[in-house]
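For reference, the structure is listed below as structure tokens.
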Amino acid sequence: MASGTLRLKSTTGRAERASVRDELQRANGLLERLLVVPRLTADDMCGDCDLPANWHGWSSRGYGALLGQGPCPAWPGWAERIRRAREMFLAATDRRVEAPPSPPKPEPLAVIPSGLSIDDMIAKLAAARAEHPNAVVRRGNRNRLELWPE
Ligand SMILES: [Zn+2]
């Protein structure tokens, strides 16, 4: 028994079963298409690409397109269409590239608010000095004292 059939039997949800069933049907269809391909010789192959010559035609759809059936990639018109599609794809991906993140804004080592009593200010500065002995004190936003690295 194929693993897809086993997975289908072990799946319980209705939507999940439908999804597994579709996937199994697709895989079986692809397998059937591959199994009917006769043994190929060098004369059966396209001289310009690695596909059988009788797979080349003017359209591609369904399982055949998945296998590579359709126009030969070496045909000038089709090669031009592939080139244009590739450029469109690359242009679309370039637009989605986001700017690199800006470096993080530097933050002070410590901030001491203004409006404290002298004793509180001295205590906070002493605690900050104990933690960052080489820091430099600068006036910060809204008259706060900020400790920055040297
Ligand atoms: Zn070809």
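Structure notes:
- Test item: Cα-centred dipole of the chain, Lys/Arg +1 and Asp/Glu -1 on Cβ, debye: 520 debye
- Taking every alpha-carbon pair under 8 Å whose residues sit at least 6 apart, the chain reaches a relative contact order of 12 percent.
- Here the spin labels are modelled as points 7 Å beyond Cα on the Cα-Cβ line, and at His132 and Met88 they lie 5.6 nm apart.
- Solvent exposure of Ser59, expressed as accessible area, is near 80 Å², computed with a probe of 1.4 Å over the protein chains only.
- Candidates Ala74, Ala128, Ala27: whichever shows maximal mean-square fluctuation once the chain is modelled as a Gaussian network with Cα springs under 10 Å: Ala128
- The chain, accessible surface, carbon-and-sulfur percent (1.4 angstrom probe): 55 percent
- These residues, Ile82, Ile112, go from largest to smallest accessible area, 1.4 Å probe, as Ile82, Ile112.
- Taking all protein chains together, Glu23, Glu150, Glu107 sort by accessible area into Glu150, Glu107, Glu23, largest first [probe 1.4 Å].
- In Å², nearest 10: area of Val137 left accessible to a 1.4 Å probe: 80 Å²
- Highest-MSF residue in the chain out of Pro73, Pro113, Pro52 [GNM, Cα springs under 10 Å]: Pro113
- Projecting the Cα positions of Asn134, Gly115, Trp75 onto the charge dipole of the chain (unit charges on Cβ atoms of Lys, Arg, Asp and Glu, taken about the Cα centre) puts Gly115 furthest along the positive direction.
- For the options Ala91, Ala53, Ala123, a Gaussian network treatment of the chain with springs between C-alpha atoms closer than 10 Å singles out Ala123 as fluctuating the most.
- Whether the chain is rounded, prolate or oblate, judged on the alpha carbon gyration tensor where a/c under 1.5 counts as rounded: prolate
- Computed over protein heavy atoms with a 1.4 Å probe, the accessible surface of the chain works out to 81 Å² per residue.
- Estimated at the nearest 10 Å², the accessible area of Glu131 is 130 Å² with a 1.4 Å probe.
The values are calculated or read from the model by the stated rules, or taken from the named source; none is laboratory data. Remember, predicted model here, so these are calculated numbers, not experimental data. Every residue, glycine as well, gets a Cβ built from its backbone with ideal geometry; the counts of neighbours run over all protein chains shown. Surface areas here come from the heavy atoms of the whole protein model, side chains and all, with no ligands, DNA or RNA. Shrake-Rupley method; radii C 1.70, N 1.55, O 1.52, S 1.80 Å.
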